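See below for the structure under consideration.
The values are calculated or read from the model by the stated rules, or taken from the named source; none is laboratory data. In this text the structure is predicted, and so the values were computed from the model without any measurement. Note that each Cβ is placed from the backbone with ideal geometry, even for glycine, and that neighbours are counted across all protein chains shown. For the accessible areas, the whole protein counts, side chains as well, though only heavy atoms, and no ligand, DNA or RNA atoms are used. Shrake-Rupley method; radii C 1.70, N 1.55, O 1.52, S 1.80 Å.
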Amino acid sequence: MKRLVILISGNGSNLQAILDACERGELNARVVAVISNKADAFGLTRARRANVHAIWKAKIHSQERRAYDAELAELVSQYEPDFVILAGWMRILSSAFLDTFPNRVINLHPALSGTFPGTHAIERAYESFQRGEISYTGVMVHLVPDEGVDNGPVLAQEIVPIEKNDTLESLEARVHRVEHRLLVSTLQQFFEVDVNA
Ligand code: GAR
(Lines give C-alpha, C1' and ligand atoms only; values in the text may rest on other atoms or scores of the structure.)
Protein backbone atom coordinates (compact mmCIF):
# COMPACT_ATOMS: atom_id res chain seq x y z
CA MET A 1 0.00 0.00 0.00
CA LYS A 2 1.48 3.35 -1.05
CA ARG A 3 1.90 6.10 1.50
CA LEU A 4 0.84 9.47 0.12
CA VAL A 5 1.52 12.98 1.33
CA ILE A 6 -0.76 15.45 -0.42
CA LEU A 7 0.09 19.13 -0.77
CA ILE A 8 -2.78 21.56 -1.25
CA SER A 9 -3.48 25.28 -1.21
CA GLY A 10 -7.26 25.45 -1.37
CA ASN A 11 -10.57 23.63 -1.66
CA GLY A 12 -9.11 20.14 -1.83
CA SER A 13 -11.75 18.54 -4.07
CA ASN A 14 -9.02 16.45 -5.70
CA LEU A 15 -7.70 15.47 -2.29
CA GLN A 16 -11.26 14.37 -1.53
CA ALA A 17 -11.34 12.23 -4.68
CA ILE A 18 -8.16 10.49 -3.49
CA LEU A 19 -9.46 10.05 0.07
CA ASP A 20 -12.71 8.57 -1.26
CA ALA A 21 -10.88 6.22 -3.64
CA CYS A 22 -8.66 4.99 -0.77
CA GLU A 23 -11.70 4.53 1.44
CA ARG A 24 -13.52 2.53 -1.25
CA GLY A 25 -10.43 0.38 -1.81
CA GLU A 26 -10.10 1.60 -5.41
CA LEU A 27 -6.66 3.02 -4.73
CA ASN A 28 -4.10 0.85 -2.99
CA ALA A 29 -2.85 3.79 -0.95
CA ARG A 30 -3.20 5.65 2.30
CA VAL A 31 -3.05 9.42 2.73
CA VAL A 32 -0.68 9.86 5.66
CA ALA A 33 -0.60 13.65 5.74
CA VAL A 34 -2.08 16.70 4.05
CA ILE A 35 -0.03 19.87 4.09
CA SER A 36 -1.22 23.32 3.04
CA ASN A 37 0.66 26.59 2.63
CA LYS A 38 -2.64 28.39 3.33
CA ALA A 39 -4.17 28.37 6.81
CA ASP A 40 -7.75 28.58 5.55
CA ALA A 41 -7.53 25.88 2.87
CA PHE A 42 -10.73 23.84 3.08
CA GLY A 43 -8.71 20.76 2.17
CA LEU A 44 -7.29 20.79 5.71
CA THR A 45 -10.83 20.35 7.04
CA ARG A 46 -11.41 17.50 4.59
CA ALA A 47 -8.24 15.83 5.87
CA ARG A 48 -9.25 16.17 9.53
CA ARG A 49 -12.69 14.75 8.74
CA ALA A 50 -10.92 11.70 7.29
CA ASN A 51 -8.69 11.42 10.38
CA VAL A 52 -5.62 12.35 8.39
CA HIS A 53 -2.85 14.59 9.78
CA ALA A 54 -3.61 18.10 8.54
CA ILE A 55 -0.76 20.60 8.72
CA TRP A 56 -0.53 24.27 7.85
CA LYS A 57 3.06 25.03 6.82
CA ALA A 58 3.26 28.81 6.76
CA LYS A 59 5.92 30.66 4.84
CA ILE A 60 7.48 33.39 6.92
CA HIS A 61 7.40 36.61 4.91
CA SER A 62 11.15 37.14 4.77
CA GLN A 63 11.96 33.47 4.23
CA GLU A 64 13.83 32.50 1.05
CA ARG A 65 12.04 30.05 -1.25
CA ARG A 66 14.75 27.42 -0.84
CA ALA A 67 14.72 27.68 2.95
CA TYR A 68 10.95 27.12 3.01
CA ASP A 69 11.25 24.24 0.55
CA ALA A 70 13.98 22.56 2.62
CA GLU A 71 11.79 22.78 5.73
CA LEU A 72 8.85 21.46 3.76
CA ALA A 73 10.94 18.53 2.52
CA GLU A 74 11.93 17.69 6.07
CA LEU A 75 8.32 17.86 7.24
CA VAL A 76 7.10 15.66 4.37
CA SER A 77 9.96 13.18 4.90
CA GLN A 78 8.79 12.54 8.45
CA TYR A 79 5.75 10.81 6.96
CA GLU A 80 7.92 8.54 4.78
CA PRO A 81 5.79 8.92 1.67
CA ASP A 82 6.12 6.73 -1.40
CA PHE A 83 4.70 9.64 -3.39
CA VAL A 84 3.98 13.31 -2.90
CA ILE A 85 0.88 14.48 -4.75
CA LEU A 86 0.41 18.14 -5.65
CA ALA A 87 -3.37 18.50 -5.73
CA GLY A 88 -3.94 22.20 -6.14
CA TRP A 89 -0.59 23.18 -4.59
CA MET A 90 -0.01 26.69 -5.87
CA ARG A 91 3.67 27.23 -5.08
CA ILE A 92 6.60 26.44 -7.34
CA LEU A 93 8.85 23.86 -5.69
CA SER A 94 12.60 24.28 -6.04
CA SER A 95 15.23 21.56 -6.07
CA ALA A 96 15.57 22.14 -2.32
CA PHE A 97 12.33 20.17 -2.12
CA LEU A 98 12.33 18.08 -5.29
CA ASP A 99 15.77 16.53 -4.85
CA THR A 100 14.53 14.81 -1.71
CA PHE A 101 11.81 12.97 -3.68
CA PRO A 102 13.20 12.13 -7.13
CA ASN A 103 10.50 10.68 -9.42
CA ARG A 104 8.15 10.78 -6.46
CA VAL A 105 6.34 14.09 -6.97
CA ILE A 106 3.19 14.06 -9.09
CA ASN A 107 1.29 17.19 -10.13
CA LEU A 108 -2.23 17.72 -11.41
CA HIS A 109 -2.85 20.62 -13.78
CA PRO A 110 -6.16 21.74 -15.29
CA ALA A 111 -4.84 22.11 -18.85
CA LEU A 112 -3.09 20.04 -21.50
CA SER A 113 0.67 19.64 -21.54
CA GLY A 114 2.41 22.83 -22.61
CA THR A 115 -0.70 25.01 -22.29
CA PHE A 116 -1.71 27.56 -19.65
CA PRO A 117 0.93 26.80 -17.02
CA GLY A 118 0.56 28.48 -13.64
CA THR A 119 -2.56 29.85 -12.00
CA HIS A 120 -6.07 30.42 -13.43
CA ALA A 121 -5.51 27.89 -16.22
CA ILE A 122 -9.23 27.18 -16.72
CA GLU A 123 -10.09 30.88 -16.83
CA ARG A 124 -7.32 31.54 -19.37
CA ALA A 125 -8.49 28.62 -21.52
CA TYR A 126 -12.05 29.95 -21.37
CA GLU A 127 -10.90 33.40 -22.48
CA SER A 128 -8.81 31.87 -25.25
CA PHE A 129 -11.91 29.96 -26.43
CA GLN A 130 -13.91 33.21 -26.43
CA ARG A 131 -11.29 34.71 -28.73
CA GLY A 132 -11.66 31.73 -31.08
CA GLU A 133 -8.12 30.47 -30.45
CA ILE A 134 -8.93 27.02 -29.06
CA SER A 135 -11.89 24.64 -29.13
CA TYR A 136 -10.94 22.43 -26.20
CA THR A 137 -8.78 22.34 -23.13
CA GLY A 138 -7.89 19.44 -20.84
CA VAL A 139 -6.35 17.99 -17.74
CA MET A 140 -2.96 16.42 -17.18
CA VAL A 141 -1.14 14.47 -14.50
CA HIS A 142 2.65 14.59 -14.68
CA LEU A 143 5.87 13.96 -12.79
CA VAL A 144 7.67 17.00 -11.41
CA PRO A 145 11.41 16.59 -12.08
CA ASP A 146 12.43 20.24 -11.72
CA GLU A 147 11.24 23.80 -11.24
CA GLY A 148 9.44 23.97 -14.59
CA VAL A 149 5.92 25.23 -13.95
CA ASP A 150 3.25 22.59 -14.64
CA ASN A 151 5.71 20.82 -16.89
CA GLY A 152 7.29 17.37 -16.78
CA PRO A 153 6.88 13.80 -18.04
CA VAL A 154 3.16 13.30 -18.67
CA LEU A 155 1.56 10.29 -16.98
CA ALA A 156 -1.88 10.96 -18.44
CA GLN A 157 -3.86 13.69 -20.08
CA GLU A 158 -7.40 14.02 -21.30
CA ILE A 159 -9.14 16.52 -23.53
CA VAL A 160 -12.06 18.47 -22.08
CA PRO A 161 -14.34 20.01 -24.72
CA ILE A 162 -15.51 23.61 -24.39
CA GLU A 163 -19.13 24.19 -25.45
CA LYS A 164 -20.40 27.33 -27.17
CA ASN A 165 -22.79 28.15 -24.35
CA ASP A 166 -20.35 27.33 -21.52
CA THR A 167 -19.93 29.81 -18.71
CA LEU A 168 -16.63 29.84 -16.85
CA GLU A 169 -18.45 28.03 -14.04
CA SER A 170 -19.82 25.25 -16.26
CA LEU A 171 -16.39 24.75 -17.83
CA GLU A 172 -14.73 24.67 -14.41
CA ALA A 173 -17.21 22.05 -13.23
CA ARG A 174 -16.51 19.88 -16.32
CA VAL A 175 -12.73 20.19 -15.88
CA HIS A 176 -12.95 19.31 -12.19
CA ARG A 177 -15.09 16.23 -12.90
CA VAL A 178 -12.41 15.01 -15.32
CA GLU A 179 -9.64 15.84 -12.83
CA HIS A 180 -11.21 13.83 -10.03
CA ARG A 181 -11.49 10.76 -12.27
CA LEU A 182 -8.19 11.13 -14.16
CA LEU A 183 -6.08 11.76 -11.06
CA VAL A 184 -7.34 8.63 -9.32
CA SER A 185 -7.14 6.36 -12.39
CA THR A 186 -3.63 7.61 -13.23
CA LEU A 187 -2.39 6.99 -9.70
CA GLN A 188 -3.97 3.52 -9.78
CA GLN A 189 -2.09 2.61 -12.95
CA PHE A 190 1.15 4.29 -11.92
CA PHE A 191 1.26 2.52 -8.56
CA GLU A 192 0.73 -0.84 -10.28
CA VAL A 193 3.79 -0.39 -12.48
CA ASP A 194 5.98 1.32 -9.85
CA VAL A 195 9.35 -0.34 -10.28
CA ASN A 196 10.59 0.94 -6.93
CA ALA A 197 7.79 -0.81 -5.05
C1 GAR B 1 -7.28 21.99 -9.57
O2 GAR B 1 -8.02 22.41 -10.69
C3 GAR B 1 -5.84 21.73 -9.94
O4 GAR B 1 -5.68 21.14 -11.19
C5 GAR B 1 -5.29 23.14 -9.93
O6 GAR B 1 -5.83 23.69 -8.76
C7 GAR B 1 -7.15 23.16 -8.58
C8 GAR B 1 -7.33 22.70 -7.15
O9 GAR B 1 -8.64 22.32 -6.90
N10 GAR B 1 -3.85 23.15 -9.94
C11 GAR B 1 -3.14 24.05 -10.64
O12 GAR B 1 -3.64 24.97 -11.24
C13 GAR B 1 -1.63 23.84 -10.62
N14 GAR B 1 -1.03 24.78 -11.47
P15 GAR B 1 -9.00 21.52 -5.57
O16 GAR B 1 -8.33 22.27 -4.41
O17 GAR B 1 -10.49 21.56 -5.45
O18 GAR B 1 -8.47 20.12 -5.71
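To put it simply, the accessible area of segment 141-197 at a 1.4 Å probe is 52 percent carbon and sulfur. Listed by chain and number, the lysines whose alpha-carbon sits under 19 Å from that of Lys2, ignoring those within fewer than 8 places in the same chain, form an empty set. Counting charges near Thr100 (Lys, Arg +1; Asp, Glu -1) among other residues having Cβ under 13 Å from its Cβ returns a value of -3. Of the listed residues Trp89, Trp56, the order by accessible area with a 1.4 Å probe, largest first, is Trp56, Trp89.
Can you check what the Kirkwood hydrodynamic radius comes to for the chain, Cα pairs only, in Å to one decimal?
Details: mean 1/r = 0.0585 Å⁻¹.
It works out to 17.1 Å.
For the chain, the mean residue ellipticity at 222 nm estimated from helices alone is -11000 deg cm²/dmol, where every DSSP H run of n ≥ 4 contributes -39500 (n - 2.57) and the total is divided by all residues, rounded to the nearest 500. Rounded to the nearest 10 degrees, the angle from helix 65-77 to the longest Cα principal axis of the chain is 70 degrees. The angle between the Cα long axis of helix 121-130 and the longest principal axis of the Cα atoms of the chain comes to about 10 degrees, rounded to the nearest 10.
Taking K and R as +1 and D and E as -1, what net charge do the other residues with C-beta under 13 Å from the C-beta of Thr167 add up to?
Working: positive: Lys164, Arg174; negative: Glu123, Glu127, Glu163, Asp166, Glu169, Glu172.
Counting the neighbours of Thr167, the net charge comes to -4.
Accessible area per residue for segment 1-64, computed on protein heavy atoms with a 1.4 Å probe, is 52 Å². Taken as Cα centroids, segment 20-69 and segment 111-141 sit 27 Å apart, rounded to the nearest whole angstrom. Expressed per residue, the C-alpha convex hull volume of segment 14-118 stands at 119 Å³.
Excluding same-chain residues fewer than 8 positions from Lys38, which lysines have a Cα within less than 19 Å of its Cα? Result set, ordered by chain and number: Lys57, Lys59. Relative to the longest principal axis of the Cα atoms of the chain, the long axis of helix 168-192 lies at roughly 50 degrees. The accessible-area ordering, largest first, of the residues Leu112, Leu15 stands as Leu112, Leu15, per a 1.4 angstrom probe. A probe of 1.4 angstrom, applied to the heavy atoms of all protein chains, finds Ile162 with accessible area near 10 square angstrom. In this structure segment 129-197 gives 57 Å² per residue of accessible area when probed at 1.4 Å with all protein chains present.
Protein-only accessible surface at a 1.4 angstrom probe places the residues His120, His109 in the order His120, His109, largest first.
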